[in-house]
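This report concerns only the one structure given below.
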Amino acid sequence: MGCGLSRQDDGGGGGPPRRKQGSVGDVVVFLPGLRTPRSVDFSSQARLDKAAVERLSALRARVVDMAMQESAAALKPRRKTSARQGSSTANLLQALEDYLPLLLGLVKEGGELRHSVQFVWTNQEDNAEETAMADAWYEVLSVLHLMAMVCLLQANSLLLPRAYGDGYGPRVSEESRRATVDVFLKAAGYLDCAIRQVLPQIPSELRRQLPVDLAEGNLKALSLQALGQGVDMQLGLAIDSPKATLAVKRRLACEMVKYWNQIQENIPELTASDGWGKKHLLFVKWKYVEAKAAAYYFHGLILDEGNSEKSHGMAIAALQASEEFLKESKRASEAFHATPPTSRSPTPFGTAKYLFDKIPKDASSKVRINQDLYTQERVIGAPPPLPDFSLALTPEDYDLPPLDPLWNKEDGHQ
């Protein structure tokens, strides 16, 4: 079988139409749905021995079944499913990790099996409902992408408020926020591996035909998103810590701005008329302006510690900019949640809660204080530039696993 590709467009003949999506419930962490695999028949491949056929069929069928269940559950949101979802996503991630070493036997160097099976996956952000490709590297790429999306699902579950039976209301615990940073780094690691070790294996002409879900720019943008949201968690923890200085908080906020700016530079052209593509773009806009609100707020507080009229003037400009970005982020958040598939915004916590509480009060009070200090009429200029910091968070180190031992037994094929 050649390394052909087929694409089923929405509304095209034969295939089932893409399901109309309603609500996805409470969203803190964005992911563009779950790409799910269609069943394939390994038994028709004469070059695969019986043991390989049985193992591949069993492991992939498990992935197909669990991915379909997880995808369906994501479209039936219930507020009290975080524990169930945490367990089911962990099981799906384990199933994918079990399948990958066996799958890699189809792409090992010099092997004849790479193009022996046509793999089919549904899409979420691409115009085509599904993409079929007779190249096992496409399957590897799709598996890594799904592993990363499952991590983002886990992160979202961890960041939903829950009751602890201690007399206080539902909240997102410090433990959950710390754990989420590791989950974000793991998601970024899977995507980074896909970019470094898998995409280069796919011929350039086929890479151009991959769905936009798997385009290099989208993989990079999602990896950066995981890192950016990881820094958001770190900033929220720093805000809650009496030991964290203003300088530390400003640095983290400025790093967030830098991550979201890079996301905007990398994200490919998505369908902006409706669906996941439009929602994805709105999420990036929301988080970018929210990060700017945080960065200008902490920058303004540090500038206000200066003794000169000039530094106080720059502080006012920075704080007023933070207030405008906060208002813009609120509008972007509302547009994001209202865009189908609709979503809900849980009670703000961490960085967002702090910004909503502090920025409106501090911006107005600093302006009033400085007007009292400097009686002459002052024209507030453009906000001062933000300091440039190197990015500290990087993806977790992850490389493709070794081949399953089955492939060492008589080479796994006949």
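Numbers below:
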{"item": "Top-ranked residue in segment 22-65 [being among the charged types (D, E, K, R) and part of a helix (DSSP H, G or I); ranked as modelled with the lowest pLDDT]", "result": "Lys50"}
{"item": "Test for Leu282: is it in a loop (DSSP other than H, G, I, E, B) and either in contact (Cβ under 8 Å) with a residue 40 or more places away in the chain or open to solvent by less than 50 Å² (accessible area, probe 1.4 Å) (or both)", "result": "no"}
{"item": "Output for segment 345-357, where each listed residue is more than 16 Å from Val289 (Cα to Cα) and touching a Pro at 6+ places or on another chain (Cβ under 8 Å)", "result": "Pro346, Thr347, Phe349"}
{"item": "Subset tally (residues that are open to solvent by less than 40 Å² (accessible area, probe 1.4 Å) and outside any helix (DSSP H, G or I)) for segment 151-210", "result": "6"}
{"item": "Evaluation of Lys287 against (1) in contact with a Pro (Cβ under 8 Å, 6 or more places away or on another chain); (2) at pLDDT 95 or above (one fails), failing number", "result": "(1)"}
{"item": "Failed item, numbered, when Ala132 is tested on (1) over 21 Å from the mean Cα position of the chain (by Cα); (2) outside any strand (DSSP E or B); (3) among the small types (Gly, Ala, Ser)", "result": "(2)"}
{"item": "Which listed residue, of Tyr296, Tyr288, is part of a helix (DSSP H, G or I), within 21 Å of the chain's Cα centre (by Cα) and surrounded by 20 or more Cβ atoms within 10 Å (Cβ to Cβ)", "result": "Tyr288"}
{"item": "Checking Ile380 against (1) surrounded by fewer than 12 Cβ atoms within 10 Å (Cβ to Cβ); (2) modelled with pLDDT under 95, the condition it does not meet", "result": "(1)"}
{"item": "Qualifying residue in segment 359-372 (condition: more than 16 Å from Gly300 (Cα to Cα) and modelled with pLDDT of 90 or more)", "result": "no"}
{"item": "Residue match in segment 304-318 (condition: open to solvent by 40 Å² or more (accessible area, probe 1.4 Å) and modelled with pLDDT of 95 or more)", "result": "no"}
{"item": "Count of residues meeting criterion [within 24 Å of Gly275 (Cβ to Cβ), modelled with pLDDT of 95 or more and open to solvent by less than 10 Å² (accessible area, probe 1.4 Å)] in segment 115-150", "result": "16"}
{"item": "Options Ala318, Ala244: the member that is of a type in the set (A, V, I, L, M, F, W, C) and in a loop (DSSP other than H, G, I, E, B)", "result": "Ala244"}
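Here's the yes/no breakdown for (1) open to solvent by 10 Å² or more (accessible area, probe 1.4 Å); (2) within 28 Å of Tyr296 (Cβ to Cβ); (3) in contact (Cβ under 8 Å) with a residue 12 or more places away in the chain:
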site: Gly230; (1), (2), (3): no, yes, yes
site: Leu235; (1), (2), (3): no, yes, yes
site: Leu252; (1), (2), (3): yes, yes, yes
site: Glu269; (1), (2), (3): yes, no, yes
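The values are calculated or read from the model by the stated rules, or taken from the named source; none is laboratory data. Not measured: the values here are computed from a predicted model. Positions of Cβ are generated from backbone atoms using ideal geometry, with glycine treated the same way; all protein chains shown enter the neighbour counts. Protein only, heavy atoms only, side chains kept; ligands, DNA and RNA dropped before computing areas. Shrake-Rupley method; radii C 1.70, N 1.55, O 1.52, S 1.80 Å.
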